[in-house]
1. How do the pairs read when you match residues in the stretch 69-93 that are free of Cβ contacts under 8 Å to residues at least 12 places away in the same chain and over 18 Å from Ser53 (Cβ atoms) with residues anywhere that are surrounded by 15 or more Cβ atoms within 10 Å (Cβ to Cβ) and not charged (D, E, K, R), using Cβ under 9 Å and keeping only pairs 6 or more apart or on different chains?
2. What are the residues in the stretch 267-282 that are surrounded by 23 or more Cβ atoms within 10 Å (Cβ to Cβ) and β-branched (Val, Ile, Thr), if any?
3. Would you check if there is a residue in the stretch 123-141 being surrounded by fewer than 16 Cβ atoms within 10 Å (Cβ to Cβ) and either modelled with pLDDT under 95 or over 19 Å from Asp29 (Cβ atoms) (or both)?
4. Taking only the stretch 79-107 into account, find how many residues are over 30 Å from Ala21 (Cβ atoms), open to solvent by 50 Å² or more (accessible area, probe 1.4 Å) and over 18 Å from the mean Cα position of the chain (by Cα).
5. Select from the stretch 100-132 the residues that are under 11 Å from Gln227 (Cβ atoms) and in a strand (DSSP E or B) and list them in ascending order.
6. Residues in the stretch 158-172 that are under 20 Å from Asp279 (Cα atoms) and either surrounded by 17 or more Cβ atoms within 10 Å (Cβ to Cβ) or modelled with pLDDT under 95 (or both): how many?
7. Name the pairs: first residue in the stretch 21-33 and of a type in the set (D, E, K, R), second residue open to solvent by 60 Å² or more (accessible area, probe 1.4 Å), Cβ to Cβ under 8 Å, at least 6 apart or on different chains?
8. Consider Met72 carefully, then state whether it is open to solvent by 60 Å² or more (accessible area, probe 1.4 Å) and at pLDDT 85 or above.
Amino acid sequence: MNEEAPAVAEYGHPEALATTAWLAAHLDDPSVRVVDMRYSVAADAGGAFRGVSGRNAYHQGHIPGAVFVDVMSDLSDPEDPLAILSPGRFEALMGRLGIGSGSTVVVYDGSGGTWAARLWWALRYYGHDDAKILDGGLTTWLREGRPLETRTLTPPPGTFRARPRPALRATSDEVVQAIGRRGVCIVDALPEVFYSGKARLYRTHRAGHIPTALNVPATANVYQGTQTLLPADALARLWQRAGLKPDQRVITYCGGGVYGAYDLFVLYVLGHEKVSLYDGSWMEWGANPDLPVETGPGEKMLDPH
């Protein structure tokens, strides 16, 4: 089910976005599975950052028919917390969510898709292309006065077969080889304060960024008021300093493979095909003293707004 909405036809891959109108019209379609991925990060009294699951918010009200996935506890592999779930565990999770090979998966959050992109990427990494992020997410859904429900859905089990695509996932060794290499662009999707090293993302990790990485914060790709994706021309201005070509390889990363997944999503929407996610991101890189780190502001991206 890859119908293109006219509102996003200017993108290279508009089928990766679902408008709220499209979703509202397909809520009763048994082939459509909606996934709530709300999550947030807050600073505690000591200045350390901690994740806040959106599970309680889901129970208080969610898009009708949606199931909930916690981006950290549900998608991280218990045997390797720095990585996405293993193929078998991912198949089991999708099966419990009622997602099978014929499902159209629409993922949303309350932050413009920056958390939802983790599952969108994981689905594509495991071979499932019929996945979309809800443009504007819950923010736009509520602004338009669309309904919520509080019941917890138990969908019929699905049969999902994981078919990994190694090209969509980068290892630390691959990132090391990409540093300063012509034809490969490394993109840091974190806010500038972490990229520059002014603040530490994790107290126990070093501050800064991977050498030669460009900084394109994930949140810069969306309108902050509506949480909708910027139009293609504005995104082109945002990304133009990177000088990317559609056939060029790009490696994105962030703190734990979430914001990096959103930058990857945006590049895919724009038509870039050779984009991979450094899954371990700063959780792995910043903790390893043998891996190089740079600090400083770097070159600023243009403001597309």
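1. Glu79/Ser86; Asp80/Ser86; Ser86/Ala162; Ala92/Leu85; Ala92/Phe160
2. Answer for the stretch 267-282, where residues must be surrounded by 23 or more Cβ atoms within 10 Å (Cβ to Cβ) and β-branched (Val, Ile, Thr): just Val275.
3. Yes.
4. 5
5. If the condition is that a residue be under 11 Å from Gln227 (Cβ atoms) and in a strand (DSSP E or B), then Tyr108 is the only one that fits.
6. 5
7. Hits for this filter: Asp29/Met1.
8. Yes, satisfied.
The values are calculated or read from the model by the stated rules, or taken from the named source; none is laboratory data. Because the structure is a prediction, the values reported are computed rather than measured. Here Cβ is always computed from backbone atoms with ideal geometry, including for glycine, and neighbour counts include all displayed protein chains. Quick note on the areas: whole protein, heavy atoms, side chains included, nothing else; ligands and nucleic acids left out. Shrake-Rupley method; radii C 1.70, N 1.55, O 1.52, S 1.80 Å.
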